[in-house]
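So the structure is just underneath, and the comments pick up after that.
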Amino acid sequence: VLGKLRLLDKDTVEPGDWAWAQLKLDGQLAVVKGDYFVVRGGGDTLGGGNVVDPYPKRHRRMHASTIERLVVMEHGSDREVLLKSIEVSEPAEFGAVVQRANLPPEQAKVELMALATEGLVIPLGHNVMGPGVVLYSVGGWNSLSDKARQTLTAYHSQFPLKKGAPKEEFRSRLGLATPVFNSVLPMLVEQGVLAEDGTSVRLQEHAPKLSVEQERMANGYVDALKKNSYSPPTDSMPPEDVLSVLADSGEIVRVSESVAFSKNAYEDMVSKIRAHITDKGQITVADVRDLFDTSRKYALALMEYLDQQRVTRRVGDARVLR
């Protein structure tokens, strides 16, 4: 508990002197901002004061910004106290802010709505102000936005050919709980801080760019796929990062780790498989092999991929359309 404390030892403290104190209690005690306390030891009364923050963090001794915050918590207006209560542990949930500020919920709700309207408080999502709503101060939100940009800038620098950072890795680097992240992400996208791209996120201006040598390698591989549409080469694939760029751009479709088709070949095969199933009611791997005059390796990889993409569904040894 952080509180304003006056000691009664006249040999060390001048009368009327006050100090900020963090009190470590032996057991749990229900206190709120404004409660008074008395410190006793050995049967003597040593001092007393009032609680300013019942949920403190560990702070450096005589830390100027901490003392400034505590002064506001003790003497500030309701809106100033609410802002400081958010800043202490943002992202902060409405109920925790109200409890820390020791204000009636309805009064706190009115003040927080006014602060949100003025742009001084950022509520996540589109819920009505109240329990469950998560809040940032404008300074805290700007810091989060800057951290998001810096995190993605570093990721793109490390992995220039990847389209973006996996969302879960990005969430972890921001240090956000999943429910909070799920509300933060749409707002960062809406404000143009980043772009969402399937299961990844990226800076809006980021686009994977191949080097001259990588471009030559990629073009040669795509040409080889086109020359052998239904039996593409599997022993001369370019590096994984180059393959990822080709797959992300839609130039190739990877149906397994070792099998990829050109975009046109894949779309042609899917069209003919759909037509076959519509006509015959089903299709087997052997049918696919014969239909495209290819080997079982390619036919099996393709059909397993179509199952994953929910184009087909396996029934025994055959496939039907979903």
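The values are calculated or read from the model by the stated rules, or taken from the named source; none is laboratory data. Model, not experiment: these values are computed from the prediction. FYI the Cβ positions are ideal-geometry reconstructions off the backbone, even for glycines, and counts take in every protein chain you see. In case anyone asks, the SASA skips ligands and DNA or RNA and just uses the protein heavy atoms, side chains included. Shrake-Rupley method; radii C 1.70, N 1.55, O 1.52, S 1.80 Å.
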Members of the stretch 277-287 that are surrounded by 15 or more Cβ atoms within 10 Å (Cβ to Cβ) and part of a helix (DSSP H, G or I): ILE277, VAL285, ASP287
statement: Those residues of the stretch 13-45 which are surrounded by 10 or more Cβ atoms within 10 Å (Cβ to Cβ), modelled with pLDDT of 75 or more and among the aliphatic types (A, V, I, L, M) amount to VAL39
- prompt: Restricting the search to the stretch 230-276, which residues are among the β-branched types (Val, Ile, Thr) and open to solvent by less than 40 Å² (accessible area, probe 1.4 Å)?
  reply: VAL242, VAL245, ILE252, VAL253, VAL255, VAL259, VAL270, ILE273
message: Return the residues of the stretch 288-321 that are more than 15 Å from VAL253 (Cα to Cα), in contact (Cβ under 8 Å) with a residue 12 or more places away in the chain and crowded, with 18+ Cβ neighbours inside 10 Å; say none if nothing qualifies.
response: VAL288, PHE292, THR294, THR312, ALA318, ARG319
- prompt: Out of the residues in the stretch 85-101 that are touching a Ser or Thr at 6+ places or on another chain (Cβ under 9 Å) and farther than 21 Å from GLY175 by Cβ, which is surrounded by the fewest Cβ atoms within 10 Å (Cβ to Cβ)?
  reply: GLN99
field: Residue among ALA177, ALA108, ALA165 that alone is aliphatic (A, V, I, L, M) and open to solvent by 30 Å² or more (accessible area, probe 1.4 Å)
entry: ALA177
field: Of all residues making up the stretch 187-206, the number that are in a helix (DSSP H, G or I) and touching a residue at least 24 places away in the same chain (Cβ under 8 Å)
entry: 2
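Which members of the stretch 115-141 meet the condition of being part of a helix (DSSP H, G or I) and closer than 13 Å to VAL184 by Cβ?
Passing the criteria: GLY140, TRP141.
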